Amino acid sequence: MYSFVLVLHVASISLVVGTLFVQSLAVIFRLRLKDAVQVEGAQWVQYRIYKFIYYPILIVAVITGLILAVQTGAFQAGKWLHWKLVLLLILVGFGFMNGRQINNKSLPKPLALFVHIGIFLTAMGMIYLVKVRPF
Ligand code: HEM
């Protein structure tokens with residue numbers, strides 16, 4: 001049971017981080033499109049990925065993480081998980097901003113870059129905490 005949940009956790013978190021990384025990058029690329037029909041097409045595709053892939057797979061990542069935390073006693077075993085959950089809230093915040101940026105036609109590029117780089121650094125921080133467990 002533990003191994004199955006761990007595998008599902010790693011698969012789901014990879015899709016969460018991967019989806020947010022590519023979706024935020026696609027917003028930056030979309031800013032270069034000049035044709036309104038092309039922009040709407042990109043927004044249509046992106047918003048369906050945001051609603052029907054990102055949120056369901058985030059729920060799987062959180063549920064499997066909670067099961068792992070209970071099974072391994074991780075909440076008592078150190079502060080790394082607490083800080084990982086703080087970073088998770090920041091990652092979900094960036095995810096929320098990404099959703100709004102997908103629908104925003106007149107988005108300043110620096111704001112799109114801020115979300116894109118923020119997603120990468122926050123995910124790196126979470127993986128560092130769980131793999132190194134510094135505290
Ligand atoms: C998108 C968010 C998340 C990311 C990127 C993430 C990332 C990871 C990674 C990379 C591992 C290591 C797997 C391994 O190689 O053994 C892991 C394990 C773990 N995660 Fe997450 N995780 C996320 C969400 C959560 C949540 C919400 C919780 C708890 C509420 C959680 C609790 C755990 C626990 C307890 C383990 C360790 C299991 C063990 O000791 O083998 N994770 N996570």
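Report whether or not residue 5 is in a helix (DSSP H, G or I), touching a residue at least 40 places away in the same chain (Cβ under 8 Å) and over 19 Å from residue 125 (Cβ atoms).
Numbers: in a helix (DSSP H, G or I): yes; touching a residue at least 40 places away in the same chain (Cβ under 8 Å): yes; over 19 Å from residue 125 (Cβ atoms): yes.
Yes.
Figure legend. Inter-residue proximity from region 117-135: first residues more than 9 Å from the ligand (Cβ to nearest atom), second residues open to solvent by 60 Å² or more (accessible area, probe 1.4 Å) and at pLDDT below 95, beta-carbon distance below 6 Å, spacing 6+ or different chains. Indicated pairs: 135/79. Given the conditions (1) at pLDDT 95 or above; (2) within 16 Å of the ligand (Cβ to nearest atom); (3) among the aliphatic types (A, V, I, L, M), and given that residue 1 satisfies all but one, which numbered condition is not satisfied? All conditions pass for residue 1, except number (1). In the set (1) out of contact with any Phe, Trp or Tyr (no Cβ under 9 Å at 6 or more places or on another chain); (2) free of Cβ contacts under 8 Å to residues at least 40 places away in the same chain; (3) open to solvent by less than 70 Å² (accessible area, probe 1.4 Å), the condition left unmet by residue 69 is number (1).
Conditions tested, residue by residue: (1) of a type in the set (Ser, Thr, Tyr); (2) touching a Pro at 6+ places or on another chain (Cβ under 9 Å); (3) in contact (Cβ under 8 Å) with a residue 40 or more places away in the chain; (4) surrounded by fewer than 16 Cβ atoms within 10 Å (Cβ to Cβ).
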| residue | (1), (2), (3), (4) |
| --- | --- |
| 15 | no, no, yes, no |
| 19 | yes, no, no, no |
| 32 | no, no, no, yes |
| 39 | no, no, yes, yes |
| 58 | no, no, yes, no |
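How many residues are out of contact with any helix residue (DSSP H, G or I) (no Cβ under 6 Å at 6 or more places or on another chain) and more than 7 Å from the ligand (Cβ to nearest atom) if we restrict to region 54-82? Residues that pass the stated criteria total 11. Exactly one residue out of 100, 133 is open to solvent by 90 Å² or more (accessible area, probe 1.4 Å) and over 11 Å from residue 27 (Cβ atoms): that is 133. Among the residues of region 1-13, just one is under 20 Å from the mean Cα position of the chain (by Cα), surrounded by fewer than 15 Cβ atoms within 10 Å (Cβ to Cβ) and of a type in the set (Gly, Ala, Ser), namely 11.
Residues that are among the aromatic types (Phe, Trp, Tyr), within 11 Å of the ligand (Cβ to nearest atom) and either under 13 Å from the mean Cα position of the chain (by Cα) or within 24 Å of residue 132 (Cβ to Cβ) (or both): does region 31-53 have at least one? Within region 31-53, not a single residue is among the aromatic types (Phe, Trp, Tyr), within 11 Å of the ligand (Cβ to nearest atom) and either under 13 Å from the mean Cα position of the chain (by Cα) or within 24 Å of residue 132 (Cβ to Cβ) (or both).
The values are calculated or read from the model by the stated rules, or taken from the named source; none is laboratory data. Predicted model only: the values in this text are computed from it and were never measured. Counting neighbours? That spans all protein chains shown, and the Cβs are built from the backbone with ideal geometry, glycine included. Remember, those area values only see protein heavy atoms, side chains included, never the ligands or the DNA or RNA. Shrake-Rupley method; radii C 1.70, N 1.55, O 1.52, S 1.80 Å.
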